[in-house]
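K.L.:
Take this structure, written in structure tokens, and hold onto it; I'll ask about it next.
The values are calculated or read from the model by the stated rules, or taken from the named source; none is laboratory data. This is a predicted model, so every value here is computed, not measured. A quick note on method: Cβ atoms are made from the backbone with ideal geometry, for glycine too, and the neighbour counts reach across all protein chains shown.
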Amino acid sequence: MRRRPGGAMAVVFSSHIFLFWFLPTSLLLYYAAPRPGRSFALVLASYVFYGWWNPWFTLLMLASTAIDYLCGAAIADPLATPRRRRAAVVLSVVSNLAILGFFKYALFFSENLGRVASAFGFGELPMPEFLGQIVLPVGISFYTFQSMSYSIDLYRGHAQPARSFLDFACYVSMFPQLVAGPIVRYGTVAEQLRSRTHSLGGFVAGATRFNYGFAKKILLANPMGSLADLAFEAGSPSAAVAWVGLLAYAFQIYFDFSAYSDMAIGLGRMFGFRFPENFDSPYRAASLTEFWRRWHISLSSFLRDYLYIPLGGNRIGPLRTYANLLFVMLVGGLWHGAQWTFVAWGALHGLVLAAERWSSRRLPVAVPRPFGWAATLLTVLAGWVFFRSPGFAEALAYFAALLGQGGGPAAAALEAMVLDPSALARLALCAAVAWLLPNSGQWLRRLDAWKVALGLGLLFVSVRAMALQGFNPFLYFQF
């Protein structure tokens, strides 16, 4: 569960209330409904799921859904003029970005505008009090992108209009992937919204995928998160603690998000939907370009198709290509959060992607894969320092610790906790899963009875472990 101001909680997949109350009730409601009413049952369950965090936010999602549905209808109207169709897609994009911008970036830009004004001698600008009271709706970065992509794809001729408002509302609000992806495009599920296959085999496959994702979250991501917090919140850890903490955070964010994607894909199968894969063993990549083909695939392809290619991609010469790569990654960094450390993370990735593109044109031979893998891993780890740190001062202090400039009076006690053999064993287990074993999509492509049984065993162990864990966040809920 995740608390919001006021004490209410958001339902997360790795919680007792979801596992033993919300999910069984939703499945019962869904399968008890006649086939024509199942989409309505899923929409109802999804709005309850989203409204658990804050009931008022359901109105925001409904408004975004209605705007994009009406814009889509205007775009698809065979009698619409090109000017009207263009106006409709602009309205869709602007309204979604306005919603996202207000809730996610209004305070950030106001604070920075005030700093700029002060730096140029204009004095301190008054900031409206209500900006400090804005609560970021869970999943808004995902469902606004998803809803907006419908209008853009209709305008480009890459999708057909939704059969009904109910179908489109089901697409936007579907709780399995609502709050943290994968970002599903309308064309991917359009036929499934009209007619989808329900079978015992598909349900078992979905439940098994969910069980493996649940285990990844509880047994791998959460222990790594606790370990990472010890290192990053220490202030001035020793080099050994800093490196272990950084690796722990790298595994936490990967297993946390890939676990959510596994559970979302599995839940989708349980309701008759097939969602695209979102991760493909990204830490095995031998270049940052390859990393972004494997990490958060739905976001990578979204930024490529809706931003990088419209900017010109690599079609307008090398300098423009490098600038496009940098700009897209800066936007990707800012998408993750209204904080300059996220911008720095995006800038690092953009610069390295541009450098890789430049070197591929200049170097006479390819870099050996082991060297490429090591360089890529170090780049990704450096980026995670910015990603995890609350500010630049903390990030620079952590980089200093990685280089042996840390340590302090409490260093010995901290090393005893972080370098504990059981903690290092869990770290080694995560490394083995990330680098040696097939990922969930590959592993469960062929479903055998023993894999189903193993998944049930992992679920049992994970539920017992969850009861003892006080640390159970979903990192991507904050984005």
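Listed here are the residues, each with its yes/no results for (1) outside any loop (DSSP other than H, G, I, E, B); (2) more than 19 Å from PRO276 (Cβ to Cβ); (3) not hydrophobic (A, V, I, L, M, F, W, C).
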position: PHE142; (1), (2), (3): yes, no, no
position: ALA169; (1), (2), (3): yes, yes, no
position: GLN192; (1), (2), (3): yes, no, yes
position: HIS198; (1), (2), (3): no, yes, yes
position: VAL204; (1), (2), (3): yes, yes, no
position: THR208; (1), (2), (3): yes, no, yes
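K.L.:
Among the residues of segment 407-429, are any free of Cβ contacts under 8 Å to residues at least 40 places away in the same chain, over 23 Å from the mean Cα position of the chain (by Cα), under 25 Å from ASN278 (Cα atoms) and surrounded by fewer than 17 Cβ atoms within 10 Å (Cβ to Cβ)?
P.N.:
yes
K.L.:
I've got another one for you. If GLY317 passes every condition in (1) on the phi > 0 side of the Ramachandran plot; (2) at pLDDT 95 or above; (3) not hydroxyl-bearing (Ser, Thr, Tyr) but one, which one does it miss?
P.N.:
Of (1) on the phi > 0 side of the Ramachandran plot; (2) at pLDDT 95 or above; (3) not hydroxyl-bearing (Ser, Thr, Tyr), only one is false for GLY317: (2).
K.L.:
Of all residues in segment 430-454, which are under 21 Å from MET263 (Cβ atoms), of a type in the set (A, V, I, L, M) and touching a residue at least 40 places away in the same chain (Cβ under 8 Å)?
P.N.:
VAL433, ALA434, LEU444, LEU447, VAL452
K.L.:
Go through segment 301-329 residue by residue and tally those that are crowded, with 19+ Cβ neighbours inside 10 Å and within 20 Å of LEU377 (Cα to Cα).
P.N.:
Residues flagged as crowded, with 19+ Cβ neighbours inside 10 Å and within 20 Å of LEU377 (Cα to Cα) within segment 301-329 amount to 2.
K.L.:
Could you check, for segment 136-153, whether at least one of its residues is modelled with pLDDT under 95, buried (at least 22 other Cβ atoms within 10 Å of the Cβ) and on the phi > 0 side of the Ramachandran plot?
P.N.:
Within segment 136-153 (the criterion being modelled with pLDDT under 95, buried (at least 22 other Cβ atoms within 10 Å of the Cβ) and on the phi > 0 side of the Ramachandran plot), the answer is yes, since at least one residue qualifies.
K.L.:
Quick check: anything in segment 155-163 at pLDDT 90 or above, part of a helix (DSSP H, G or I), out of contact with any Pro (no Cβ under 6 Å at 6 or more places or on another chain) and among the basic types (Lys, Arg)?
P.N.:
Yes, segment 155-163 contains at least one residue that is at pLDDT 90 or above, part of a helix (DSSP H, G or I), out of contact with any Pro (no Cβ under 6 Å at 6 or more places or on another chain) and among the basic types (Lys, Arg).
K.L.:
If I filter segment 356-364 for residues that are of a type in the set (A, V, I, L, M), modelled with pLDDT of 95 or more and farther than 24 Å from VAL138 by Cβ, do I get at least one hit?
P.N.:
No, every residue in segment 356-364 fails to be of a type in the set (A, V, I, L, M), modelled with pLDDT of 95 or more and farther than 24 Å from VAL138 by Cβ.
K.L.:
Oh, and also: Say whether the condition of being of a type outside the set (Asp, Glu), closer than 30 Å to ALA434 by Cβ and surrounded by fewer than 24 Cβ atoms within 10 Å (Cβ to Cβ) is met by at least one residue in segment 160-182.
P.N.:
Yes; the residues of segment 160-182 include at least one that is of a type outside the set (Asp, Glu), closer than 30 Å to ALA434 by Cβ and surrounded by fewer than 24 Cβ atoms within 10 Å (Cβ to Cβ).
K.L.:
Just checking, how many residues over segment 150-200 are closer than 26 Å to ALA32 by Cα, small (Gly, Ala, Ser) and touching a residue at least 12 places away in the same chain (Cβ under 8 Å)?
P.N.:
Total meeting the criteria: 4.
K.L.:
Right, here's the next one. Test ALA338 against the criterion of being touching a helix residue (DSSP H, G or I) at 6+ places or on another chain (Cβ under 9 Å), in contact (Cβ under 8 Å) with a residue 40 or more places away in the chain and assigned to a loop (DSSP other than H, G, I, E, B), and give yes or no.
P.N.:
Here the answer is yes, as ALA338 does meet what is asked.
K.L.:
Sticking with this one: Kindly check whether there is at least one residue in segment 204-213 that is modelled with pLDDT under 90, under 28 Å from ARG464 (Cα atoms), of a type in the set (Gly, Ala, Ser) and surrounded by 13 or more Cβ atoms within 10 Å (Cβ to Cβ).
P.N.:
For segment 204-213, residues modelled with pLDDT under 90, under 28 Å from ARG464 (Cα atoms), of a type in the set (Gly, Ala, Ser) and surrounded by 13 or more Cβ atoms within 10 Å (Cβ to Cβ): absent.
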